[in-house]
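A short reminder: the numbers here are calculations on the coordinates, not readings from a lab. Bear in mind the structure is a predicted one, so any value in this text is a computation, not a measurement.
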Amino acid sequence: MTTPLTHLVCPQCAATNRLPEERLDHHPVCGRCGMELMETKPVALTDAVFDKFVGGTELPVLVDFWAEWCGPCHAMAPQFEQAARQLPRVRLAKVETDANPQASVRNRIRSIPTLVLYQRGQEVARQSGAMAAGDLVRWVQRQLAQAQTA
């Protein structure tokens, strides 16, 4: 009997890695560049890898669209990092909107910070404004539960 594989896209080199689900908790690294794939901290995404990362990663992906000049974005950054530690099976990523305008435009980002939750490449929820870590974790869990029943 074969073990089901989970596809994870490396946020650094955009290589698709196929891993047995039981290895997700054992610090897997990218087969191409060696970057850790399941770090419990947000990863930075660029325009170059955004679509492949979000579309090719089979785990849910939560993206924080932010800007360097945004005070609420900076206030939320440590909350987002804390939430990443509490959501080990959700990939958390950040997109700096000024440096990565294509991802921002394609995702219709109108205000920041904006959180967008994707599942299998499809947007399932969106929330604008800063959130505390606990509220963020509950929001993600609620949205994923609703998406599973839909």
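Membrane-span-like helices in the chain, defined purely by DSSP H runs whose alpha carbon atoms cover 20 Å or more axially and whose average Kyte-Doolittle hydropathy reaches -0.5, are 133-149. Using just its DSSP H runs of length 4 or more, each adding -39500 (n - 2.57), the chain gives a mean residue ellipticity at 222 nm of -10000 deg cm²/dmol after division by all residues. Going through (1) 50, 32, 26; (2) 58, 34, 26; (3) 77, 37, 28, the figure that equals Cα extents along the principal axes in Å as computed for the structure here is (1).
Where does segment 63-150 land on the Kirkwood hydrodynamic radius, alpha-carbon pairs, in angstrom? Could the numbers behind the result be given before it?
Values: mean 1/r = 0.0757 Å⁻¹.
Hydrodynamic radius (Kirkwood, Cα only) of segment 63-150 equals 13.2 Å.
Spatially, segment 61-140 and segment 1-32 are offset by 23 Å when compared through their Cα centroids. If you run the Gaussian network model on the chain, springs between alpha carbon atoms under 10 Å, then out of Gly71, Gly55, Gly121 the most flexible one is Gly71.
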